[in-house]
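Comments concern the structure below.
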Amino acid sequence: MSQYQIAVIIGSLRKDSYNRKLANALVKLAPPEFSFKQLEIGDLPLYNQDDDANQAPSVQRLKSEISASQGLLFVTPEYNRSIPGVLKNALDNASRPYGHSAWAGKPAGVIGASVGTIGTAVAQQNLRTILAYLDVPTLGQPEAFIHAKEGLFDDAGNIGGGSREFLQGWMDAYVAWVQKHA
């Protein structure tokens, strides 16, 4: 049985964000041969091409953690109909210098939760566009635009009963995607 290390990139810095809770609950739906590591992106400097030849230690750490993974899991909120700036900054930092992207070829899943009824649909589409350019094969179906409402999580932080079957199906599809493309 192969082991798969998955890099989890959460587009929110807030400790109690819905998306951090979703990431923590989702990983419990994965099979035991999958392990997940949430990557720190809040300490990255703002991307500046002048720094390409001498990337900050936090950028080097991020790129190393991505390189060591067999897959990526993006869990992101939607800010102003797009992805959060901290996520875009992480994408930019780890994709540079040109030709040395840590993202390329890593199979990915994209999901997110929001209090809005369309979840994070627009942010996910924006992120998918960026990931396509970065040569990241991204799971297309099923899509999951999660409405963060009462009952999404149970008291223990697991996926609540009303969403468990759907999100288990999403996780099963993600696992198969990573196994196919890793």
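Where a number appears in this text, it was derived from the coordinates with a stated rule and is not lab data. Here the structure is a predicted model, which means the values were calculated and not measured. Because the Cβ atoms are built from the backbone with ideal geometry, glycine has one as well, and the counts that use them run over all protein chains shown.
Some values worked out for this structure:
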{"quantity": "Estimated vicinal HN-Hα couplings, Hz - segment 34-48 in sequence order (Karplus 6.51, -1.76, 1.60; Gly, Pro = x)", "calculated": "9, 10, 10, 10, 6, 8, 7, 10, x, 9, 6, x, 4, 4, 9"}
{"quantity": "Evaluated over segment 1-155, the Cα radius of gyration and Dmax, each in Å", "calculated": "15.1, 48"}
{"quantity": "Dipole magnitude of segment 4-181 about its Cα centre (Cβ charges: Lys, Arg +1; Asp, Glu -1), debye to nearest 20", "calculated": "80 debye"}
{"quantity": "Net charge of Cβ neighbours under 13 Å - reference residue 71; Lys, Arg +1; Asp, Glu -1", "calculated": "+1"}
{"quantity": "The chain: angle of helix 57-67 to the longest principal axis, Cα-based, in degrees nearest 10", "calculated": "60 degrees"}
{"quantity": "DSSP beta bridge pairing in segment 4-181, given as percent antiparallel to the nearest 5", "calculated": "10 percent"}
{"quantity": "Label-point separation, residue 50 to residue 14 (7 Å along Cα→Cβ), nm", "calculated": "3.4 nm"}
{"quantity": "Using alpha carbons only: equivalent-ellipsoid semi-axes of segment 102-166, gyration tensor based, whole Å", "calculated": "26, 13, 9"}
{"quantity": "Estimated inter-spin distance, residue 179 and residue 125, nm [label 7 Å along Cα→Cβ]", "calculated": "3.2 nm"}
{"quantity": "Total formal charge among the other residues, if their Cβ is under 13 angstrom from that of residue 57, Lys/Arg +1 and Asp/Glu -1", "calculated": "-2"}
